[in-house]
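Written below as structure tokens is the structure these notes are about.
The values are calculated or read from the model by the stated rules, or taken from the named source; none is laboratory data. As the structure is a computational prediction, the values presented were derived from the model and not from experiment. Every residue, glycine as well, gets a Cβ built from its backbone with ideal geometry; the counts of neighbours run over all protein chains shown.
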Amino acid sequence: MSCAGVNVTGVVAALRSEAGTLAGGRGGLMVRTSGMGCERAAHTAVELVRAGAGALLCWGVAGALDPALRCGDIVLASEVMCEAPLELQVGGMRPASVPTHARLCTSELWRGQLQAALLQQGAVTQGTILTRNEVACEAALKTRLFRETAAVAVDLESAAVGAVASLYGLPFMVVRVIADTAADTLPEVVRTFATPGPKGSPGWRSWLALLCAPGAWPGLLQLARRYRVARHVLQRCGRAPWSGPCTPAQAGAES
């Protein structure tokens, strides 16, 4: 667990509360809050690469598509796929084009390292993560996405981070903890709330939509409770003894 194939791993987290689970100056990590969505995540990933990151990690919570997953379960992406074509042009970076259902593989060695380290923190599943342009709120939609893609979980950023890693030839990994399950239907207002301003802070329109939808409050309270559980597990994962990815040569030297 002590070997690291790179000196610095860049970590992209959509929300400050997720980035905060890796706070405390953990050696070898540069942690940045991107805000929700692929465009912001890609921009942040490029900033990390330019700052010296030699590997990219997408970190945070996700929704389950696999009905076997429960709130608090840990998902390590074996690959990430896009529900829709992904076209990214952030600042001066080279354009990244990812077609529908393209699969971006993660680092197998790094994934194995994380699997070994995180087994003590909760149930760990390896599988495909689907990246969408908007939150999957309805249980029926989650069922359809699981049937059509076989992805175990869904998020809003991982494919963008994977696309940047692919552009620069860097190791890539995703660690997600499940908040809402496949059986959960989220209040519709979550779609509005999950379109934040820069750096993950919801804008005034999102707060207004929330205030104007009191019928959604019970569902939002349940979601908040589940998010707290997921964040607590994510915090334990952040304290576990894992490092950046090992290269094949280093892995052989360690054995």
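Of all the numbered requirements in (1) within 16 Å of ASP180 (Cα to Cα); (2) not hydrophobic (A, V, I, L, M, F, W, C); (3) not in a helix (DSSP H, G or I), GLY127 misses one, and that requirement is (1). Would you mind stating whether VAL31 is part of a strand (DSSP E or B), over 21 Å from LEU167 (Cα atoms) and not small (Gly, Ala, Ser)? The answer is no for VAL31.
Restricting attention to the range 55-92, and to residues there that are over 17 Å from the mean Cα position of the chain (by Cα) and at pLDDT 95 or above, which single residue is surrounded by the most Cβ atoms within 10 Å (Cβ to Cβ)? Across the range 55-92, the extreme among qualifying residues is PRO67.
A count restricted to the range 101-133 and to residues that are more than 17 Å from the chain's Cα centre (by Cα) and among the β-branched types (Val, Ile, Thr) stands at 0.
The C-beta contact set for the range 159-187 (first residue more than 18 Å from VAL80 (Cα to Cα) and in contact (Cβ under 8 Å) with a residue 24 or more places away in the chain, second residue in a strand (DSSP E or B) and of a type in the set (Val, Ile, Thr), distance under 9 angstrom, 6+ apart or interchain) comprises ALA179/VAL61; ASP180/VAL61. Looking for something modelled with pLDDT under 95 and within 27 Å of GLU47 (Cα to Cα) - is there at least one such residue anywhere in the range 134-144? Looking for residues that are modelled with pLDDT under 95 and within 27 Å of GLU47 (Cα to Cα), one finds at least one in the range 134-144, hence yes. Of the helices (runs of 4 or more DSSP H) lying entirely inside the range 165-255, those containing at least 1 residues that are of a type in the set (Val, Ile, Thr) and either at pLDDT 90 or above or more than 29 Å from LEU104 (Cα to Cα) (or both) span 189-193, 217-239.
Look at the range 112-136: where a residue is touching a residue at least 60 places away in the same chain (Cβ under 8 Å) and a partner is hydroxyl-bearing (Ser, Thr, Tyr), sitting 6+ places away or on another chain with Cβ atoms under 7 Å, you get GLY127/SER78; ILE129/SER158; LEU130/THR149; THR131/SER158.
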